[in-house]
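Q: Let me begin by handing over the structure; questions about it come next.
The values are calculated or read from the model by the stated rules, or taken from the named source; none is laboratory data. Everything numeric here is computed off the predicted structure, so don't read it as measured data. Cβ sites come from the backbone with ideal geometry, for glycine too, and all protein chains shown count toward neighbours. Surface accessibility is based on the protein's heavy atoms, side chains included, excluding ligands, DNA and RNA. Shrake-Rupley method; radii C 1.70, N 1.55, O 1.52, S 1.80 Å.
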Amino acid sequence: VPAVPAALVFLVLLALLNMRGIKESVRSNVVMTVVEVSGLVLVIVVVGIFLAGGNGDISRVTEFPPGVSAGTAVLSAALIAYYSFVGFEVSANVAEEVRDVSRVYPKAIFGALLTAGVVYLLIGLASSAALAPEDLAGSSSPLLDVVAATGAGIPNWLFSLVALIAVANGALLTMIMSSRLTYGMAEQGLLPSVFGRVLPNRRTPWVAIVATTLVAMALTLTGGLESLSQTVVLLLLFVFLSTNIAVIVLRKDTVDHGHFRIPVVFPYLAIASCILLLTQQTGEIWLRGGILLALGLALYGIQRLVRGRAATKA
């Protein structure tokens, strides 16, 4: 099936699930996450058995590409790895739908960071030990190739299905987050109020879901996987930059209930890391990100103009 038409139909199906309701969406997410993590654990176990039999090359784990310094390689890898933080950003934007969020959410996000960090680290080590870096870099299905290199006899269709579910899971989370974020901004008067409309029975923000799905479709038609993921990372770095600045400011507020409080050194370190990674982006990615930021600022400007005229009339 051609990739672009398949992606467009896929986004429509995700939008319909998103409109159905947050409970249904999260249940689907839980099932897909279990399948996804099971696939990753399977890779780790299979490669572990492969290495225990004296196969593979564990020395590749500490090798760097010719002519590339350790610092440059680590920064480049960190920039790619930042894409995985999309999931944690999603959880923050649906936190208001969590019961007893002050107690539950800090445990959930740190637990998720630790779990994902361990799994990703083991996947990285296993992949480089089982397959040469140039083979991994040139592959469109690297983990499938890693499993095939071990000779484990796992059917390709089964692992491809796991990979497809993993992609669907990430896409569903992103579309839930973007639509809820758009809805929330409309409710706070930061975007036109039309984005705050909800379905009568399901109470889901249908205008925000349609709008964010159309934007996703437009992005699908105008860029490849690499440029889109790097653009997401660029915008995500701005999100984390502004969030950590907000943390420093909000620490001065008095709150009348128990809540999580981070040592002040961490937001400063986070800000420094975001600025460092921003310097690693190319001009093309800055242009794509700039266009999207300009679109957001234009919508914000229109909303301010409309509210200003309404206030004048009042």
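Q: Taking the stated definitions as given, is Leu173 at pLDDT below 85, closer than 24 Å to Trp206 by Cβ and assigned to a helix (DSSP H, G or I)?
A: yes
Q: Do you know which of the residues in region 245-262 that are assigned to a loop (DSSP other than H, G, I, E, B) and open to solvent by 70 Å² or more (accessible area, probe 1.4 Å) is farthest from Asp100 (Cα to Cα)?
A: Step by step, filter region 245-262, then rank; the result is Lys252.
Q: Taking region 275-291 on its own, how many of its residues are open to solvent by 50 Å² or more (accessible area, probe 1.4 Å) and not charged (D, E, K, R)?
A: Residues in region 275-291 being open to solvent by 50 Å² or more (accessible area, probe 1.4 Å) and not charged (D, E, K, R): 9 in total.
Q: Test of understanding: among Gly56, Gly48, which residue is farther than 21 Å from Gly87 by Cα, open to solvent by less than 70 Å² (accessible area, probe 1.4 Å) and outside any helix (DSSP H, G or I)?
A: Only one candidate qualifies: Gly56.
Q: Going through region 162-174 one residue at a time, which ones are out of contact with any Gly (no Cβ under 9 Å at 6 or more places or on another chain) and open to solvent by 20 Å² or more (accessible area, probe 1.4 Å)?
A: Selection gives Leu164, Val167, Ala171.
Q: Restricting the first residue to region 122-139 and requiring it to be more than 10 Å from Val61 (Cβ to Cβ), which pairs with a second residue that is among the small types (Gly, Ala, Ser) and modelled with pLDDT under 90 meet a Cβ separation below 7 Å and a spacing of at least six or different chains?
A: Listed pairs, sorted by first residue: Ala130/Gly56; Ala130/Ala149; Leu131/Ala149.
Q: Among the residues of region 212-229, is any assigned to a loop (DSSP other than H, G, I, E, B), more than 28 Å from Val47 (Cβ to Cβ) and open to solvent by 50 Å² or more (accessible area, probe 1.4 Å)?
A: No: region 212-229 contains no residue that is assigned to a loop (DSSP other than H, G, I, E, B), more than 28 Å from Val47 (Cβ to Cβ) and open to solvent by 50 Å² or more (accessible area, probe 1.4 Å).
Q: Look through region 122-140, keep the residues that are of a type in the set (A, V, I, L, M) and assigned to a helix (DSSP H, G or I), and return whichever of them is nearest to Gly39 (Cα to Cα).
A: Looking at the filtered set, the residue picked out is Ile123.
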